[in-house]
Amino acid sequence: MLPRQPVLCSIAAAASLALLPFAASAASAAMPRAVPLRIDFALTPAQIDASCKSEIAAAGKRVDAMLHARSKRTFRTVAEPLENVIADLGDNLAAQTFLFNVAPDKAVRDASERCNTAQTGYLAELFARPDLFAAYVGTGQVINLRKQLEAGYPTLRARAAAHAEAEGELKAIGSPPWNDDDAYRTVNEWASALDPPSQVDPHVCESERREIPPTYIQAGAQFSSRLLSEAIGRENLETWATHYDVPVFFIQGREDVLTTTSVVAEYVQKIEAPSKALIELPASGHFAIFRNPDAFLAALRGRVRPFAMVSP
């Protein structure tokens, strides 16, 4: 297997451009508490139910506080407070939501499952609020992953022609559709490995490339991948997500053959939204947000930011 190219220099701060402005005064109220995180895994079902309800209500009040006072848009007054609310909610419900996986007592597992459902529901509603978000921006967008991998297969085969190992594995599985998950995993891995190279100066993030993530970070990434991959593989936005109350933008690498851009283009034609657009970045693939950050940021500023302004 070819080594995957390093992920360079995140520009996550630019996401604040897609949010409505909040008051600077709200930032202090939304800052995380500077105290050590204490996780109690010896919770009863009643304690799980009560604390889950309480923490979700507290998060809602913090978000409402931000919404009631609007001011200048900055990362510190918009994205950072909201991220702190979400992060605190996850921290404060760490035990309540994790016990579903390990508790020997079924009543505890059931309460934990209820808390997982409640937290997921709250976040889903939060991210869909048009009074909070001015636009939805997707990149490397999963629409129907199997369909996207199948659509990208011919281009991937051509891209793999110069790599004997990739060509051999991709040829061996034959043309889509495939009957087993291993074939889709093979295409997924090679689509990632053969993604177009980064357009970032190689010296910019040299230290990030040299440093190997700590073992616990690698283990956490592998755990998340196992947990999420099945759900991602089942996703099909075309069957349920066709109406949006906010403007929708997809900023895709034109050469993406993992979440293949042609399938995203078909999806854009099917959805209803106040405004919608597919923005394709040339010479970019699935990791465009990291490997072509200048073009990505220009798209955010030029196409998305106007929707986050209070007035034209």
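Read-outs throughout are calculated quantities, based only on the coordinates presented, and are distinct from any laboratory measurement. Treat the numbers as computed from the prediction; the structure is a model and nothing was measured. Ideal geometry is used to build each Cβ from the backbone, glycine not excepted, and the neighbour counts take in all protein chains shown.
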Residues of region 126-162 with backbone nitrogen within less than 19 Å of a virtual label 7 Å along the Cα-to-Cβ line of residue 283, please, listed as ranges. 159
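Find how much the distance from residue 228 to residue 61 grows on full extension, using 0.36 nm per residue of separation minus their present alpha carbon separation; answer in nm with one decimal. Provide the component values of the computation, followed by the final result.
Working: separation 167, 0.36 × 167 = 60.12 nm, distance 2.95 nm.
Contour length minus Cα-Cα distance gives 57.2 nm.
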Express in nm, to one decimal, how much length is gained between residue 171 and residue 245 on full extension, taking 0.36 nm for each residue of separation and deducting their alpha carbon distance. 22.3 nm
P(r) of region 193-305 over all Cα-Cα pairs, binned every 10 Å from zero, in whole percent: 12, 31, 37, 18, 2
With a point put 7 Å past each Cα toward its Cβ, work out how far residue 235 is from residue 217 in nm, to one decimal. 2.4 nm
Order by neighbour count: 125, 238, 255, fewest other Cβ atoms within 10 Å first, most last. 125, 238, 255
